[in-house]
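Worksheet: the structure to be examined is printed underneath.
Taken together, the values in this text are just the output of simple stated rules run on the coordinates, not laboratory data. Since the model is a prediction, treat every value here as computed from it, not as a measurement. Neighbour counts run over all protein chains shown; Cβ positions are idealised from the backbone, glycine included.
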Amino acid sequence: MRSTPFSPTRSQVWTATRVAAQSMPPRILIVDDYIDSADALAAFLDNAGFETRVAYNGCDALKIANEWRPDGIVLDIAMPGLSGLAVARTLRETASTARVPLLAYTAYEADDDYEALRAGGFDGVCAKPTDPLMVVNILTTLLGPAALKRARTLHS
């Protein structure tokens, strides 16, 4: 007998994420120089049960990451000033943020070099534009251990 792969529906993913986040909402930092995009994703993630903060440039992202200690970071790549790759490298070199999952949220085309992003310290890549539920799905996968570790630390 062959088993069919499980492919959750939108409502199953949505519900699972909200249940997992109820007791200790994972903290997500969203970094994007396009303000409308950053704010819209933050609103969606807030509604999905995450606690979010937004930074509109790389310098602010580094400051917020070091002060607020997010469980995960959604990071645009092409930003003026400090690029997402430069932010990722700095986060990986800083002890307090070295293990925070990083999701590249980028408008790169499909033929761009995603290996460079992985080598730059990213744990996942999500191409813009996308269904924000895909971002929730990826974050839920990336954050499993980080969110549990944070919950244990805060309740100890």
Note, Glu67: beta-carbon cut-off 12 Å, +1 each Lys/Arg, -1 each Asp/Glu, net +3
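Test of the criteria: in region 60-115, which chymotrypsin sites (Phe, Trp or Tyr not before Pro) are in a DSSP loop and have at most 11 other Cβ atoms within 10 angstrom of their Cβ? Present the calculation step by step, with values, prior to reporting the outcome.
On the way: sites: Trp68, Tyr105, Tyr108, Tyr114; in loops: Tyr108.
For chymotrypsin sites (Phe, Trp or Tyr not before Pro) across region 60-115 that sit outside H, G, I, E and B with at most 11 neighbouring Cβ atoms in 10 Å, the list is empty.
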Along region 29-36, Karplus-curve 3J(HN,Hα) (6.51, -1.76, 1.60; θ = phi - 60°) to the nearest Hz, with x for Gly and Pro, reads 9, 10, 10, 7, 6, 8, 4, 4
Dimensionless Rg/Rh of region 25-147, both radii on Cα and Rh by Kirkwood, sits at 0.91
Which residues qualify? For Leu82, with a placed amide H closer than 5 Å and at least 5 residues away or on another chain, they are Gly58, Cys59
